[in-house]
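Please treat every number below as a calculation from the coordinates, not as lab data. Remember, predicted model here, so these are calculated numbers, not experimental data. Reconstructed Cβ throughout: ideal geometry from the backbone, glycine too, with neighbour counts over all protein chains shown.
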Amino acid sequence: MRKSIRELGAENFVNAGLTVEEANEFHGVLNNILSISSSPTDTWHHLVTNKLLKPFYPHSFHQLVYYTIYQYSQSHAAAAADNDFHDPPLYWFPSLNSSYMVRYTGFGVRYLVLYGSSFLYGTREQAKCTNLGRLMETNGPKLLGDSYKDPITMQVYWSLILKELSVSFVEPPKCILDTSDPSKHGGTWLPGSVLNVADCCLQPSAHPNKQDDSIAIIWRDEGFDDAEVNRISLKQLRQQVMFVASAIDATFSRGDAIAIDMQMTANAVIIYLAIVLAGCVVVSIADSFAPKEIEARLRISKAKGIFTQDFISRGGRKFPLYSRVIEAASCKVIVLPVIGDDLGVQIREQDLSWKNFLSSVRSDNFSPIYQSVDSVTNILFSSGTTGDPKAIPWTQLAPIRSAADGWALIDIQPGDVYCWPTNLGWVMGPTLIYHCLLTGATLALYHGSPQGHGFGKFVQDAGVTILGTVPSLVKTWKSTQCMEGLDWTKIKLFCSTGETSSIDDDLWLSSKAYYKPIIELCGGTELASSYIAGSPLQPQAFGAFSTASMTTGIVILDENGVPYPEDVSCVGEVGLFPLFLGASDRLLNADHEKVYFKGMPIFEGKVLRRHGDIIKRTVGGYIIVQGRADDTMNLGGIKTSSIEIERVCDRADECILETAAVSVAPENGGPEQLVIFVVLKKGYNSNAETLKKIFSKAIQTNLNPLFKVSFVKIVPEFPRTASNKILRRVLRDQMKHGVSAQSRL
């Protein structure tokens, strides 16, 4: 559409899907707004503030209004700057009547200032309704000094946050941070403290909405979409966790690694908390993994047992799970039925049914095992550039960091109902548990596929106020139109992580709740959190990040590893300040120092921590992730490496000499797409479409059934370095234009 918003008439809105009556009404109101608006941002803000863009209006109408309002402002800004660093269009604002704003730089929130700028929105009263705003209003002099201009210290911030969360110590820390040991880049956090973080999740707190009778978990089974949702109180959850912890204590030894390979059900959450409560270590395994991937994780973690299900129930179908697990596991397997009380499979002699596992327990009175704050509670995995995935231990610091950033950045409050379709095999599974149970929110779980109407109806019926997503899931919802007719207006904000967001998909999602904000989060398993994010105290732009997370220091490095000045728009690899509460300080099967610190520059006297993202900072300070600095790729929210995929593809057919795997982000945004380059053996022939099917089957069988090959290209040879290494960067650049063009078809 090449018209400006002022040139649109009611007939354009009818063509976009409105009725004649709706179109005439909207056109009249729009003209009134245009008569008082001073900018495209102002026009859009008036429309969303007054809820004139209805969730039930067709997406084509929302597209017409958004893109028409902003198309000229984008081109003018780009021409004026003569580069690509102009700020993205804003779609959400804390409020009108700007006077009060939290300013973010470097370490996240650093000081409060009184702003007169019409560009920044947010009233003081509204800011006080958020967790972070309330903290600053109440503790401003402690945090910032009486002038509201002094930089905050991490010590004071974290001492206040520990009081806000449901974190209680059996032995309190000697201090917040000890930096006396030069060998520890990240310092020693909360030294001397002793606790059990699962016990913290289960106990009532000073929060009015976190008492024994408050709802801890709400859930529904797929296929029962018209039934009442199930609820479990905090007291009931505590009793069930203690009961399972007693059975774990009777079956395993303290400190044992015990895996979970299940759908994220209420039982899975109970088992997770029970393992930690009993002083054991959770080994996180995704229920989508092939036996080879399960075996690797059990082997690396030295797991003594594993909890699983007989089947996975998803999309109205049952898929075998126990059979996959026993193909990989020699240790004891405890099997839960996916439906009813009886198992649907015959189990091995050394394994136990869930019913028999619990049968010896006579009491739900279990005393938590309290341990040092740096004791390991969870082993998670992140693919590196080797054959095995990196095994990342989470200490008890990780849940604290995770919950603290959820409290500050997502504004999770007691009484919120928080849903994020995920799995305990990925970092978001444990994160979701701690986000909810350490803040007093209710954890909402759908036992089934999140891709259909049933999940959306659960979101509606459960009264979800915070909905987490990954971009590929949103794309499915939008393309299938499966969420039409549902009421999601109780949602106060969305979250998104795992892959690059598409602006148009986010436009669709936000419109379903009268343009509530989508808080973008970008971090990693090894950080237990995000290093950049959105914030409910700042205006938001689709697919962009507005701040570093709290107490996080970031710099952007040029090609020579030199940090750009903080206020300069630029593109480069991100470096993290090493003092990061909750970040990993060890790996089970790799050299932590080599992976995260070797070769990184020194900044302000400290070696920066490697993360690997290439990010762009705009003129106004918004951040857009550009991809990975290495050959790690992100497929469907799951990080993997080129080498892992190439190993599978090289063996997929006898005609293949070698392969090179790269991921390419479409020009108009959206999830990365997997491209396989192929060199054929001399004398062999094949075509790209045939190889695409062969590679897809091989990858889904041997690596992950969720991975999809988007393109295959046969080439005579690969570009290489002088030392014969494949230049995947060159291959990626060759494909960018082709993938972008294809994605528009």
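Structure above, values below:
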read-out: Order of Ile645, Ile347, Ile392, Ile312 under a 10 Å beta carbon neighbour criterion, fewest first; value: Ile347, Ile312, Ile392, Ile645
read-out: Surrounding net charge for Ile306, when Lys and Arg each add one and Asp and Glu each subtract one, Cβ distance under 10 Å; value: +1
read-out: Hits among aspartates and glutamates - C-alpha to C-alpha of Lys681 under 18 Å, sequence gap 8 or more where chains match; value: Glu646, Asp650, Asp653, Glu654, Glu658, Glu689, Glu717
read-out: Local net charge near Gly561, Cβ-Cβ under 13 Å (Lys/Arg +1, Asp/Glu -1); value: -1
read-out: Partners for Lys51 among aspartates and glutamates (Cα-Cα distance below 15 Å; same-chain residues under 8 apart left out); value: Glu22, Glu25, Asp42, Asp487
read-out: R0 of 41 Å, Cβ-Cβ distance Ser4-Glu137: FRET efficiency to nearest 0.05; value: 0.45
read-out: For the stretch 318-363 and the stretch 37-61, distance of Cα centres in Å; value: 53
read-out: Stretch gain in nm, segment Arg299-Phe56, where the contour uses 0.36 nm per residue and the Cα spacing is subtracted; value: 82.4 nm
read-out: Cα centroid separation - the stretch 583-621 against the stretch 255-288, whole Å; value: 30
read-out: The stretch 155-310 shape via C-alpha gyration tensor axes, a/c threshold 1.5; value: oblate
read-out: Charge tally in the Cβ shell below 13 Å around Gly192, where Lys, Arg are +1 and Asp, Glu are -1, Gly192 excluded; value: -2
read-out: Prolate/oblate/rounded call for the chain, Cα gyration tensor, a/c under 1.5 rounded; value: rounded
read-out: Residues whose placed amide H lies under 5 Å from that of Leu177, excluding near-sequence neighbours; value: Leu190
read-out: Val619/Val29 FRET efficiency (R0 51 Å; Cβ-Cβ; nearest 0.05); value: 0.95
read-out: Loop sites in the stretch 625-720: chymotrypsin sites (Phe, Trp or Tyr not before Pro), DSSP, at most 13 other Cβ within 10 Å; value: Tyr684
read-out: Label-point separation, Asp212 to Glu349 (7 Å along Cα→Cβ), nm; value: 4.7
read-out: Shape call, the stretch 621-696: gyration tensor on alpha carbons, a/c limit 1.5; value: prolate
read-out: The chain: calculated mean residue ellipticity at 222 nm from DSSP helix runs of at least 4, using -39500 (n - 2.57); value: -9500 deg cm²/dmol
read-out: Over the chain, relative contact order from alpha-carbon pairs under 8 Å, at least 6 apart, %; value: 12
read-out: 5 angstrom amide H check on Gly636, placed H, neighbours 5+ away; value: Glu672
read-out: Residues Tyr684 and Lys490, FRET efficiency given R0 of 41 Å [Cβ-Cβ distance, rounded to 0.05]; value: 0.10
read-out: Above-threshold pairs, the threshold being 26 Å between Cα atoms, out of Lys235/Lys390; Lys292/Lys318; Lys475/Lys708; value: Lys235/Lys390
